[in-house]
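Input: a single structure, listed below in structure tokens.
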Amino acid sequence: MRFLRRNSADTEAPATEPAAEGTDSTRTAGKGRPTPKRREAQGRRSGPVPPPPRTQREAFKRMRGNKVSKEERRAAATERRQRMMAGDDKYLLPRDRGPLKAYIRDLVDSRRNLMGLFMPLAILVFVALLTPSLAVQRYATLATTFMLIAMIIEGLILGRIVTRKVREKFPTEPIKGISIGWYSFIRASQLRRLRVPKPRVKPGDAIK
């Protein structure tokens with residue numbers, strides 16, 4: 001019995017202590033600073049400055065993404081409108097940018113064109129068609145036909161004059177006569193007070 005007890009005592013394995021050092025070595029050291037908030041992290045991001053918006057719809061989308069107030073949106077829209085009317089290239093549409101387009105607008109704005117009555121003429125025809133008198137409708141249609149023919153002829157003449165002067169002013173620029181003529185026609189067919197940007201010259205001014 002003693003032999004069995006001694007053997008049992010001898011066979012008992014001593015309790016092993018947990019390796020504290022091993023567990024400590026697996027722990028990662030702390031950052032030593034609090035985790036920055038999302039707004040602060042986004043504010044610290046650096047990158048290229050985005051270009052100005054090309055259209056009002058793009059500007060509205062950008063403002064909605066920034067979550068600005070209504071007063072700020074109105075102020076920004078008013079400022080863009082003013083700069084666009086003043087002829088600032090950064091706020092103009094791509095079709096209106098550049099010194100070449102500005103020169104075309106000056107040439108058109110310095111002339112008194114019959115095409116400027118296109119919109120009032122369209123309103124007059126619409127009102128005449130609503131009248132029950134067939135005689136009024138007949139005369140309005142006849143007058144409108146003659147006016148449209150005159151406007152088309154004037155537009156062709158204006159396009160040729162503007163194209164010639166633009167080629168003299170910008171001899172190194174690739175100029176397409178159809179594009180210049182159409183741009184001149186659209187500008188001349190608008191009422192003077194509704195043209196965007198606003199005319200910089202008065203009718204009769206000499207454009208060099």
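Among the conditions (1) farther than 26 Å from Pro203 by Cβ; (2) open to solvent by less than 30 Å² (accessible area, probe 1.4 Å), the only one that Arg138 does not satisfy is (2). Close contacts from region 181-206, counting a first residue that is closer than 15 Å to Ala86 by Cα and of a type in the set (A, V, I, L, M) and a second that is open to solvent by less than 60 Å² (accessible area, probe 1.4 Å) and assigned to a loop (DSSP other than H, G, I, E, B), with Cβ to Cβ under 6 Å and a gap of 6+ residues or different chains, come to Val201/Ser110.
Quick check on region 101-124. Is at least one of its residues in contact with an Asp or Glu (Cβ under 8 Å, 6 or more places away or on another chain), of a type outside the set (S, T, N, Q) and open to solvent by 30 Å² or more (accessible area, probe 1.4 Å)? Within region 101-124, one or more residues are in contact with an Asp or Glu (Cβ under 8 Å, 6 or more places away or on another chain), of a type outside the set (S, T, N, Q) and open to solvent by 30 Å² or more (accessible area, probe 1.4 Å). Does Ile178 qualify as being in a helix (DSSP H, G or I) and exposed (fewer than 11 other Cβ atoms within 10 Å of the Cβ)? Criteria met by Ile178.
Within region 183-202, the set of residues being outside any loop (DSSP other than H, G, I, E, B) and farther than 13 Å from Asp96 by Cα comprises Phe185, Ala188, Arg192, Arg193, Leu194. The listed residues are Thr163, Thr131, and the only one of them that is over 16 Å from Leu107 (Cα atoms) and of a type in the set (Val, Ile, Thr) turns out to be Thr131. Mind checking which residues of region 78-95 are farther than 14 Å from Arg200 by Cα, more than 12 Å from the chain's Cα centre (by Cα) and open to solvent by less than 80 Å² (accessible area, probe 1.4 Å)? Within region 78-95, just Thr78 meets the criteria. Scoring Thr172 on the criteria (1) of a type in the set (Val, Ile, Thr); (2) surrounded by 14 or more Cβ atoms within 10 Å (Cβ to Cβ); (3) in a loop (DSSP other than H, G, I, E, B) leaves a single failure, condition (2). Restricted to region 52-94, and to residues that are at pLDDT 80 or above and in a loop (DSSP other than H, G, I, E, B), which residue is nearest to Arg105 (Cα to Cα)? Within region 52-94, the match that is nearest to Arg105 (Cα to Cα) is Gly87.
The values are calculated or read from the model by the stated rules, or taken from the named source; none is laboratory data. The model shown is predicted, which means the values in this text are computed figures rather than measured ones. Neighbour counts run over all protein chains shown; Cβ positions are idealised from the backbone, glycine included. Accessible surface is based on the protein model in full, side chains and every heavy atom, while ligands, DNA and RNA are left aside. Shrake-Rupley method; radii C 1.70, N 1.55, O 1.52, S 1.80 Å.
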